[in-house]
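Just so you know, all these numbers are worked out from the coordinates, no wet-lab data involved. Quick caveat: nothing in here was measured; it's all calculated off a predicted structure. Heads up, the Cβs are rebuilt from the backbone with ideal geometry, glycines too, and the neighbour counts pull from every protein chain shown.
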């Protein structure tokens, strides 16, 4: 998968991911209520510490430059995941999935994302190797277009009557699979009239997977713009995605405070789009560490501005 990383090192990463997921699933095996803010914050800290530990491992085995590329990709994917999480909220609302079942859907959604993003990243890097310059320019234009679309949507109310349960992927599933008309607890499949049928919970899972894949069209090209090493792309992407579930429950409680974070994400997208064009034209004088500083700085500005706005509103 990579010329710089051995099969043994990739196996270490795979074992790390499997072990962490197993611990996560075991710790929530008897959860029958919504994930608390304290629990979500604890697990978010766990995933961040795990990612930083892996970055330290890369620094020790391959140098600080490679670790900076990993962290830049990780922070970029984290920042671009914010919109994804808000879509997850809308999906759960449309399917009327309660907090006690949201963790289960997100858990299996993340497992699906591990496979789908592997295929997506592998295909993306292969295309880059064959058609480097035109594909990089196309990626940059896609990123800038995404930034413009996101900027125009800031502050706009959600469309009235939007129903995610009527999404194309769920309609397609209904034509291919026998679908139950009602939930059966937290099960994805149920037996009715002597036959196995998919529940609306399973259709919700499909919609979450579809939403994540659509967001990958924005985030994966952006990370490829930071580094073209397949292992760094995948490891940074996956470790960022693994923390999405805990991050979702934090944002569900704190989203009203982060009013300017989306603007920071737009700024990051513009930065990456311009950077990739200038790099392709051999006009980019900065190293990989500069990307990390800019991404981290823009995230801090968005968070700080959000809390400053909230404070000023209280004082008025």
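Taking the number of Cβ atoms within 10 Å of each Cβ as an exposure proxy, the fewest-first ranking of 103, 186 is 186, 103. Counting neighbouring Cβ atoms within 10 Å and putting the fewest first, the residues 77, 279, 209 line up as 279, 209, 77.
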